[in-house]
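One structure below.
The values are calculated or read from the model by the stated rules, or taken from the named source; none is laboratory data. In this text the structure is predicted, and so the values were computed from the model without any measurement. Backbone-built Cβ (ideal geometry, glycine too); neighbour counts: all protein chains shown. SASA here: full protein model, heavy atoms, side chains in, ligands and nucleic acids out. Shrake-Rupley method; radii C 1.70, N 1.55, O 1.52, S 1.80 Å.
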Amino acid sequence: ELDPEFALAHVCVATSYLELGISDFIELDEWLPMAMAHVEKARNLEPDSWQVYVALAQINHAQGNADEVLRNAMKVLEINPNYQDFLVFVGNYLVWQKGEVDEGINLLLRALELMPGSSVSFDPDQLVITLNSIAPDLAVKMVGADGCQPDHSIWVLHTITSWSMLERDYDAVLRCQELVLSENDSPNNRINAGAANLFAGNF
């Protein structure tokens, strides 16, 4: 109301309608026209705003329009090539939805390169888990050849635990679970550490 030409405010209103819609507070035929009206207004005001294309990609995703998701997500990276969230988003999308593994991995690695010390909401260690599924050699480089290390996040420790279980390396399972327990002394992690001791033969 105070500044109808403020493009980013229109993006925020569009995103709010989207959030209400995907949370089932508003039906699709009600929120979608409102969201699109505001995002189109924002695009007309600032056609080179990467936030506009973030909102469009999210709206497309809620509609199930895969081609438009990718087109608008790529536009985000064209305008803002260092936007880590969408490097991860597009990287995963290319790998899992489009089968373009090499290009997708390159974007994931670019995100990983940019993330240390940043305030981005994605955990860099989560990329290790993704890479393990599609490029195990790269995943090993990320976690190191020595496996469990005290400075790994709990996510990575859980992942290495799973690898170790598949390899029947129960001593490695035990090391990882003990590290998890040392970081988070919860009842569930005590159970996991107890089970790891059983697997390792420490009855």
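In square angstrom, rounded to the nearest 10, how much accessible surface does Leu28 have for a 1.4 Å probe?
Taking all protein chains as shown, Leu28 has close to 90 Å².
Mind giving me the nanometre distance, one decimal, between the label points for Asn106 and Asp67, set 7 Å out from Cα along Cα→Cβ?
2.4 nm
Compute, for region 1-75, the length of the dipole vector about the Cα centre, with Cβ point charges of +1 (Lys, Arg) and -1 (Asp, Glu) only. Units Debye, rounded to 20.
Dipole about the Cα centre, nearest 20: 300 debye.
Work out how much length Met165 to Glu183 would gain on full extension: take 0.36 nm times their residue separation and subtract the Cα-Cα distance, in nm to one decimal.
Length gained between Met165 and Glu183: 4.4 nm.
What's the FRET efficiency of Phe25 with Glu5 using the Cβ-Cβ distance as r and R₀ = 22 Å, to the nearest 0.05?
It comes out at approximately 0.15.
Starting with the highest mean, order 79-91, 184-196, 56-68 by the number of other Cβ atoms within 10 Å, averaged over the residues of each peptide.
The packing order, highest mean first, is 79-91, 56-68, 184-196.
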